[in-house]
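Report on the structure given below.
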Amino acid sequence: MKLNKLFSAVLFIVTGMLMACQERLPTSFKAKIEQSLPREILDKMVMHDIDQYAPIMMRFFKEDNIAEIWKQNRSGVFVLVVSYDICKWSGQLGPKYREGDFQAPEGFYTVQENQMNPYSKYYLSFNIGFPNLYDQIHGRTGSYLMVHGACTSVGCYSMNDRNMAQIYAFARDAFRGGQKEFQLHAFPFRMTDVNMQRHHMSPHYEFWMMLKEGYDFFETNRKPPKITIYDKRYVFDHFIDETSVAVAL
């Protein structure tokens, strides 16, 4: 009986921690969600011929603690506009396998407007869409995996509030410009040949080699690929049309 009570208590605490990333508060925060991007970022976009409401994509790198925001210029090429420090991510290098393992996910995810949470307990947030189709096929479980503020994490990617406000603004403006969804690529590290060799003994090496295919595609083309699942693997095809829903994850 005591063991059952102890197990129930632990389960309640863990569940509460996981749901904290998604928790909503009843108060409106219109001023917070309408914050504009800093003038220096807007000026940089003008310099690179990027419309403020153009499509975006994001890349996150655990080892470097870096979140990159890319925007499409008027010629269709994506340009790195700004990089932010990731304040905190939980777990170790490697993918998320199951609910409660406190791992931040790795892989290719898509974010739609309905995944944005302006009422987050952790300043502002959006759900990255874990588990995607690849995760589901491989039996990976988890919920409420977010990018959010407040600099605390139990499986999410957490930013300080200032940076989160800007990341949220990038997504908000892209949706207002007509983008249906944006890609978020979450990597353990920059998938260079040198780094892959450095981690060649990792049990995650085969999975990371698959992620590297998507990493290399974007590095070469500076356009997000169409990402599908075939034979239980990510497959990276031609470029997606950023004005339509085209990512099958």
## Note on the structure
Selection from the stretch 134-165 of residues of a type in the set (Val, Ile, Thr) and farther than 19 Å from Glu68 by Cβ yields Ile137, Thr141, Thr152, Val154
### Query
How many residues does the stretch 10-50 hold that are under 30 Å from Lys212 (Cα atoms) and at pLDDT 95 or above?
6
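Restricting to the stretch 122-153, give me the number of residues that are in contact with a helix residue (DSSP H, G or I) (Cβ under 6 Å, 6 or more places away or on another chain) and over 18 Å from Met58 (Cβ atoms). Can you show your working first?
In the first step, residues of the stretch 122-153 are kept if they are in contact with a helix residue (DSSP H, G or I) (Cβ under 6 Å, 6 or more places away or on another chain); the result is 123-124, 126-127, 144, 149.
Checking which are over 18 Å from Met58 (Cβ atoms) leaves us with 144.
Residues meeting the conditions: 1.
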### Query
Looking at the stretch 174-191, which of its residues are surrounded by fewer than 18 Cβ atoms within 10 Å (Cβ to Cβ) and assigned to a helix (DSSP H, G or I)?
Arg176
### Message
Condition check: hydrophobic (A, V, I, L, M, F, W, C) and open to solvent by 10 Å² or more (accessible area, probe 1.4 Å). Does Val194 satisfy that?
### Response
yes
### Task
Report, ordered by the first and then the second residue, all pairs with beta carbons closer than 7 Å, sequence separation of six or more or different chains, a first member in the stretch 30-51 that is within 15 Å of Phe175 (Cα to Cα), and a second member that is of a type in the set (Ser, Thr, Tyr).
Ile33/Tyr168
## Note on the structure
Within the stretch 80-121, of all residues that are open to solvent by 40 Å² or more (accessible area, probe 1.4 Å), among the acidic types (Asp, Glu) and out of contact with any helix residue (DSSP H, G or I) (no Cβ under 6 Å at 6 or more places or on another chain), the one modelled with the highest pLDDT is Asp85
### Message
Of all residues being hydroxyl-bearing (Ser, Thr, Tyr) and either under 12 Å from the mean Cα position of the chain (by Cα) or at pLDDT below 95 (or both) in the stretch 123-136, which is nearest to Arg172 (Cα to Cα)? Just the residue, please.
### Response
Ser125
#### Entry: Of the criteria (1) more than 25 Å from Gln92 (Cβ to Cβ); (2) in contact with a helix residue (DSSP H, G or I) (Cβ under 7 Å, 6 or more places away or on another chain); (3) modelled with pLDDT under 95, which one Leu249 fails
(1)
### Message
I'm trying to understand the selection: among the residues of the stretch 57-67, which are part of a strand (DSSP E or B) and open to solvent by 10 Å² or more (accessible area, probe 1.4 Å)?
### Response
Ile66
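One line per residue, one yes/no per condition, for (1) open to solvent by less than 10 Å² (accessible area, probe 1.4 Å); (2) within 17 Å of the chain's Cα centre (by Cα); (3) at pLDDT 95 or above; (4) under 26 Å from Leu93 (Cβ atoms):
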{"residue": "His138", "(1), (2), (3), (4)": "no, no, yes, yes"}
{"residue": "Gly149", "(1), (2), (3), (4)": "yes, yes, yes, yes"}
{"residue": "Arg172", "(1), (2), (3), (4)": "no, yes, yes, no"}
{"residue": "Arg198", "(1), (2), (3), (4)": "no, no, yes, yes"}
{"residue": "Leu211", "(1), (2), (3), (4)": "yes, yes, yes, yes"}
{"residue": "Tyr215", "(1), (2), (3), (4)": "no, yes, yes, yes"}
{"residue": "Tyr234", "(1), (2), (3), (4)": "yes, yes, yes, yes"}
{"residue": "Asp241", "(1), (2), (3), (4)": "no, no, no, no"}
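The values are calculated or read from the model by the stated rules, or taken from the named source; none is laboratory data. Computed from a predicted structure; not experimentally measured. Backbone-built Cβ (ideal geometry, glycine too); neighbour counts: all protein chains shown. Just so you know, the surface numbers come from the protein's heavy atoms only, side chains and all, with ligands and any DNA or RNA stripped out. Shrake-Rupley method; radii C 1.70, N 1.55, O 1.52, S 1.80 Å.
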